[in-house]
Amino acid sequence: MAFPLPRGITPPEISFLAEMEMVTVLPRQRLDGLELLGGSLPTLLPPRRTTLPLWLALLLKRQRRANILPPPWLHPESLELILEIETQNDEYQHAFSPPPPLPGQPTLAHRDRDRDRAVAAPVPRYTPDGDKYYPTPPFLPQNVARDHIPPGEPPALPFHWLEVGTMLLDAASDDLVEPDQTRRLLKELREVRTAKIRSGVEVLDAAAVGGGGVALTGVGAMEVGEGRGFIAGVVDGLRRIGASKEQARREELAEEMANGGYDASQDYEDDMEF
Amino acid sequence: MMDIDDILASVDRTDTSTPESTALDHQLLTRFWVAERGVSELLPWPAALMERILDRLRLQIETIEDLASASSDPMYTTNPNTNAPPTPATTTNLKLSILQTDLSRTQYLLRSLLRQRLSKLTKHSMHYLQLISSSSSPTQHPSSQSQSQSSSSEAHQEPIDSVPAPPDPAADPSPLSRQEVSFLHAHQTLLANHHGASFLSSFPPQLRRLDDNAGGTSMVQGPEGREVVFVRCVVEEVRVVVPPGMGWRWRLRARCLGWGMFGRLGGRG
């Protein structure tokens with residue numbers, strides 16, 4: 001009654017989150033800097049490129065006060081490549097194309113080479129309360145225009161690819177390269193990936209047993225959000241069916257722990273994000 | 001031993017009035033909102049963060065009001081002090097619309113967050129009331145206390161008596177905020193009175209309590225702690241182990257091979 005929405009953020013709320021993604025704009029008029037609640041807005045000076053949140057970029061774009069520079073992945077060539085990985089590559093027959101690397105993480109091309117080497121851990125920021133903070137999408141620059149893309153870095157779909165792509169096609173199609181082609185490719189990618197999600201429900205059984213989990217690496221925010229209700233429902237149903245087996249396992253584990261066989265020396269870390 | 005990063009961080013985290021701090025708090029609020037929307041139980045109230053955000057919100061509303069009243073002022077457009085051309089009204093309007101959009105977005109986040117929390121609180125009101133009253137007076141376990149009361153004294157047999165007393169105002173009411181505690185208590189008192197007046201008064205006295213646990217089954221339901229959750233790993237490896245005997249939280253031992261893994265983990269009680 002107090003709140004009608006189901007648990008887990010819904011697709012409109014995911015779009016709201018995606019509007020916090022940073023994009024690059026080319027302002028067409030001067031505007032002094034402003035202090036916003038989401039951080040400060042730099043002075044807009046044409047023709048200097050500026051990075052703005054997507055909601056603001058769209059607001060300026062609708063009033064013809066700025067042009068949006070499309071992110072490198074939202075380009076027919078990049079999308080063709082990603083689509084090829086999704087459909088032709090055997091390795092990704094049942095998996096999703098790799099997401100863009102997070103800060104400190106090696107890119108896919110270097111991953112195999114760097115595996116043995118210790119990867120430089122990213123420096124966390126600290127909150128005023130003293131906790132560690134690692135930024136995640138939508139607060140990573142996954143959608144800003146880049147002049148120089150290092151060789152060996154394949155294009156990758158960012159976490160909010162579907163939402164950002166759709167919104168840019170909607171409001172700023174004249175700023176995109178071949179918008180019709182881009183629209184078609186986005187649609188194809190969406191269909192291919194939706195089919196993968198549907199065929200993947202078989203593995204949900206693994207998530208229903210205690211401690212089990214299913215990795216969703218590379219799945220976009222909207223794709224998770226759309227499937228959330230159904231997936232959570234299936235797993236919950238399976239969990240209830242297997243509850244008696246689960247109970248037996250739990251007792252076994254509790255006994256094991258009582259006998260001191262349980263490794264309780266592992267440390268807790270608060271780097272978990274729901 | 002303290003890491004050099006920790007030392008650096010302790011230096012720059014003290015000042016919360018910088019724009020960087022504003023942006024960080026905005027990200028923290030967004031993350032907290034997503035988390036609160038995603039789990040079945042109430043998450044601990046981030047009092048310090050909320051205080052900072054609400055303060056900024058008040059200041060921002062004042063700024064917007066000042067700007068709006070200045071732009072409607074006829075003196076503003078013909079500024080006698082400068083020879084520069086007057087500020088075009090469109091720029092002020094643009095500024096205002098940007099500031100207002102930004103304000104509304106933050107207000108939306110806060111509203112959605114608070115309403116989600118209220119919805120969780122009212123759904124499991126007795127559970128949370130017992131939780132905060134038991135944490136403030138750990139010697140008295142609420143269920144055993146209520147059981148002994150219901151069997152021994154016949155005087156405490158109205159539904160209203162089963163509502164736990166509000167905790168000591170000085171005590172930390174985590175995971176609720178103080179406002180939520182007073183709301184929840186008022187809400188449950190009203191509800192208990194209503195239940196009592198509408199149908200519980202016609203029941204035998206021993207069946208009138210709202211926290212009856214006769215037969216080993218408690219009437220008070222808490223949130224389902226074994227539901228699946230969607231987890232986003234933001235670092236290379238996370239180890240969370242909750243002993244299987246705890247019974248209220250899932251156990252999780254995740255080893256993420258890549259960051260950005262969005263794993264879903266099964267429940268374990």
query: So who's got an amide H within less than 5 Å of the one on residue B:229, skipping anything under 5 residues away but keeping other chains? H placed 1.01 Å off N, in plane.
result: B:265
query: In straight Cα distance, which lysines are under 16 Å from residue A:187, not counting same-chain residues fewer than 8 positions off?
result: A:196
Order of A:123, A:25 - criterion: other Cβ atoms within 10 Å of each residue's Cβ, fewest first: A:123, A:25
field: Peptides ranked, highest mean first, by Cβ atoms within 10 Å: ranges B:196-205, B:48-57
entry: B:48-57, B:196-205
- prompt: Based on the alpha-carbon gyration tensor of segment A:11-199 and its eigenvalue square roots a ≥ b ≥ c, which shape applies: rounded if a/c is under 1.5, prolate if not and a/b is larger than b/c, or oblate?
  reply: oblate
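No lab work stands behind these numbers, since they all come straight from the coordinates. As the structure is a prediction and not an experimental result, all values here were calculated from the model. As a convention, Cβ positions derive from the backbone with ideal geometry for all residues, glycine included, and neighbour counts pool all protein chains shown.
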